[in-house]
Structures are given as structure tokens and as C-alpha cells.
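Quick notes on the structure that follows.
The values are calculated or read from the model by the stated rules, or taken from the named source; none is laboratory data. Since the structure is predicted, the reported quantities are computational estimates derived from the model, not experimental observations. Here the Cβ is made from the backbone with ideal geometry for all residues, glycine too, and neighbour counts use every protein chain on show. Accessible surface is based on the protein model in full, side chains and every heavy atom, while ligands, DNA and RNA are left aside. Shrake-Rupley method; radii C 1.70, N 1.55, O 1.52, S 1.80 Å.
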Amino acid sequence: MTQEDKQRWNDRYAAGAYEGREHPAALLEQWVDSAAPGRALDLACGRGRNARYLAARGFAVTAVDIADVAISAARARAVADGLDIDWRVADLDGVGDVPAFGDAFQLILIMRYADLALAGRAARWLAPGGLLIVEAHVGGALHTDDVGGPRGERLRLAPGSLEAALAPATLEVCYAREERVVDPDGAPMALARFVGQRRASG
């Protein structure tokens, strides 16, 4: 991301963006029991709702976001909740094939962050049998005027692109759909959703 992007996200979080969103992602809740206990990585973690959920379930969590304002708020909330989480401020656009925060994760989560290249790299950071859970806003026919999320197509994935980017990787596809869902706050969303498990020989 550019420095302008980082500042924009910091400004949004400083203004209270997502402050009341405490529920973990529904896709994570549906699939977390399919992951073996161990290390988890939450990329583009924002205020850390999913990282806290994973830590409360016993995972050793590393959580990463570009917005230091979001990370500061997430860290304070985790301390208040008695949760030990490794919080990192990092530009995910600059993370290469060898992540600075380690590898061999049992679960990696990328929630509503449209970056196919990052998702492809993350698949290689999984331990054998590890689970990759990705959810991103999708464009195309599902992106009607009533759905929430970014208005511009630049921050949405093209239809079919998420599964196409990840299915050829070292993953067994457990779940791959593009669908409209309703968030717990009542907002309709158009999402590409993918869950894959790293093959033992991958």
C-alpha cells in the first residue's frame, strides 16, 4: 500500500471505524474446528476481533495490519481480555515468500482484504494439513447498489478470481463460493469465500 493508503486507514480507525464490530467472522466460526490446534496468522486483522476469537480458543496468534492505530486499539483490548497475541504493524504488499512473522501455521485467515497474491503466498506458509480461510468483497453481478463494503471495483475481486488463484496451489478445496450474505448487523454483502487445506505432500 502507499503511505496515503496507510494514512487513510489510520484516519478511519481513529474516527471509530469498526469499533462496534465484536463478532468473529461467520466463515471462521464455521471452519475453525477443522484446523488443528497450534499457530494462527490473521492478516489484515484490523481491530483484531478474529485474532481475539482465535486466541480465546487456544491458538498462538500472530495478527498483522498496516494501520498502527488499529493495532494499538487491538492490543489494548486483548490485554483487557487477558489474551496474549503477537501484534505486528506491516505493509502486507511488501511481504514476500518468506514471511517475517514465521511459517508453518495451522490456520491462516485473510478477512475482507482483496489481495490474490498475498493469498497465494499464504497458502505456502501453512503447515501440512493447515487451513487457509479467505473472504473478500467480490465485484460483478453480485455487487449491486444495496450491498455494503467498498463501492469501487478496485477493492473488490473479479468474479471467479479467488478460487482460480488458490485451487492450483498446494491446497485441497474445502469450500469455494461467491454469494450474498447478511452480516450480523443486518448489512448485505457480496463475498468471495474460500477455505482450503494444505496437502500433506504440498
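Screening segment 106-133 for residues that are under 13 Å from Thr170 (Cβ atoms) and basic (Lys, Arg) and picking the one that is surrounded by the fewest Cβ atoms within 10 Å (Cβ to Cβ) gives Arg124. Elements of the type helices (runs of 4 or more DSSP H) sitting completely within segment 64-178 and holding at least 2 residues that are touching a residue at least 60 places away in the same chain (Cβ under 8 Å) and more than 22 Å from Val195 (Cα to Cα): these cover 68-80. Of all residues in segment 42-63, those satisfying the criterion of being hydrophobic (A, V, I, L, M, F, W, C), over 15 Å from Asp91 (Cα atoms) and not in a loop (DSSP other than H, G, I, E, B) are Ala51, Leu54, Ala55, Ala56, Ala60, Val61. Across segment 63-79, the qualifying residues are those that are at pLDDT 90 or above and open to solvent by less than 10 Å² (accessible area, probe 1.4 Å), and the one among them that is farthest from Leu107 (Cα to Cα) is Ala70.
Only one of Asp86, Asp42 is modelled with pLDDT of 95 or more, within 15 Å of the chain's Cα centre (by Cα) and of a type outside the set (Lys, Arg); which? Reasoning before the result, please.
Working: Asp86 fails: within 15 Å of the chain's Cα centre (by Cα).
Only one candidate passes the filter, namely Asp42.
Cys174 satisfies every condition listed in (1) under 25 Å from Ala55 (Cβ atoms); (2) modelled with pLDDT under 90; (3) open to solvent by 40 Å² or more (accessible area, probe 1.4 Å) except (2).
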